1. May I ask for the angle, rounded to the nearest 10°, between helix 214-224 and the longest principal axis of the chain, with both axes built from Cα atoms and the value confined to 0 to 90°?
2. Run lengths n ≥ 4 of DSSP H only: what is the helix-derived mean residue ellipticity at 222 nm for the chain, with -39500 (n - 2.57) per run over all residues, to the nearest 500?
3. Which angle between 0 and 90 degrees, to the nearest 10, do you get for helix 3-61 versus the longest principal axis of the chain when only C-alpha atoms count?
4. So which GluC sites (Glu not before Pro) in segment 201-269 are both in a DSSP loop and have at most 13 other Cβ atoms within 10 Å of their Cβ?
5. For the chain, calculate the relative contact order in percent as a whole number, restricting contacts to Cα pairs under 8 Å that are 6 or more residues apart.
6. Taking amide H positions as placed 1.01 Å from N in the peptide plane, with prolines and chain starts having none, which residues 5 or more places from R157, or on another chain, fall under 5 Å of its amide H?
7. Tell me the GluC sites (Glu not before Pro) within segment 115-188 that lie in a loop according to DSSP and have at most 15 other beta-carbon atoms within 10 Å.
8. Expressed as a rounded percentage, what relative contact order does segment 249-476 have, with Cα pairs under 8 Å and six or more residues apart?
Amino acid sequence: MNHRAQSSNIGLVLLLALTITSAGVVVAIGSSALADVQQEATADRAAHAMTLLDARTAVVGLGEGSVQTVQLGRSGGGQYSSESESGWLRIRHRNYTDNETETIYNASLGSVSYRSSGTTVAYQGGGVWRQQAGGTTMVSPPEFHYRGTTLTLPVLRVRSTDAASGDTTATIRQSDELVRVFPNESDAYDATSEPYVNPVRNGTASVTVHSRYYEGWADYFRTRTTGNVSVDDDNRTATVVLETTSVVGAFPYPEKDEAVPVRGIAEGHSVTDFETSIRVGNGNGNGNGGGTANNLYVSFYIDEGARAYEAAVALPTGIGNYCKNGPDDVDLRMDVYYHDESTTEGVHRWTNDSISSVSGPVQLACEDGDPVIQIEFTSSAQNLTYGSSSVDEDTAIDWDSLDDGAPDPNPTEFTHDGDDGENTTYDYVDEQNLRILTRHYFAMFGPEFKLRVHHGPGDSGTARIDVSGSGGVLRYDTIEGGAYITYLHVTENNVTVELD
């Protein structure tokens, strides 16, 4: 037997088998890779089509057109579908008063999606999202527009359920009229009956989205705001919480030791207007403030951590029926105090003990027979002197206990730059105007604090302040950091999407 010939034949057979096997492996790997490429290309086309659907839906939903069509293209091995109940969006206003929470809006979002082999591309809430094994990414942003301290949120809702495969066309139509959610004077908060109006005051405003694509929503909230963003994986929700900037403008005079909340105040000398009008008496027009205008003082104060501030105005004794008899020109006293525990300066004391009561930015006016204490804290026409105090009543804060006991005040330095041109060291008996003092000391606090009111004692030991007849104005530049909200604009915009 020819063993050499036999070995040659066996080798040839093995070589052919190995070649066939290798070719099969290459074909299998190549086919898989080709399928992956084709699937990725199909998903990319779907993402492009959904972005176009996003733009056309905005045209219809925001009222700029009645009907729009979009060629979504071939679905490949996947399917297009629209759902009316997939996901929801909720807006809440927490602590708007006395720890109450108001749900301003809560409704389903709906969606239009393309699904194929573990990849989903979806339109929802005015945005396009792509979901794969690695998570969710944003293809185009949702209708959530945050600028400065204004949030504009047109809620685009899909109100139809449909499905199609193959070469698919989407027809978008408006469903119902646009609904104004906030502001909306015909709707009101449950606990206060106050209408839904801007500016949004007190507490926080939150937007929560429940969605298959909640991770993408959370990432978008983080890029558009510096609010508190949280996710709940179990419930598939993303939430952004924005602090309200609270009072910017007119405010009612609070009860004693209650506060005017200041939120979102910008750094530096941001107070532009601060004035108050405090009616003394019971509004009966008898001209004597209910008998307690004598020896009365009023103040605004801040007590936050290591820092404290107070500005007090005191009326003299013996003014009698002030408005009924003139009024006579009497001397008012005003003090401004500030203390920072982290410094060695002791208490800053500024005073003026001879302010005319009948004219100027600090005065005791008469309205309908009652005395009214009027103070323009941002007026540059009222000077105070550094180094001592003249309001000897028990103010809201015990400033003597905070002082270092030094017989003479330590110099203090104002180091802010800007419009007020400070960067100045003040020694005993140096003067500065009330505007700069107010703006400087308010800059020591923030971005949020409570500006409280105090008053006392009056002749009878109880200050007679007509709270309902008193009030003020506080305006300041607000922070632009993206964690605060002043104006909220929400509408509901409904569409249907038919798939053919």
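1. Rounded to the nearest ten degrees, it is 50.
2. That calculation yields -5500 deg cm²/dmol at 222 nm.
3. That works out to roughly 40 degrees.
4. When the GluC sites (Glu not before Pro) of segment 201-269 are filtered for loop state and at most 13 Cβ neighbours within 10 Å, E255, E258, E267 remain.
5. On the way: 1249 pairs, mean separation 103.4, N = 500.
After rounding, I find 21 percent.
6. Sorted by chain and number, the residues that satisfy this are N493, N494, V495.
7. E177
8. 37 percent
All of the numbers you see were taken from the coordinates with simple rules; none came from a lab. The structure presented is a predicted model; accordingly, all values stated were derived computationally and were not measured. Reconstructed Cβ throughout: ideal geometry from the backbone, glycine too, with neighbour counts over all protein chains shown.
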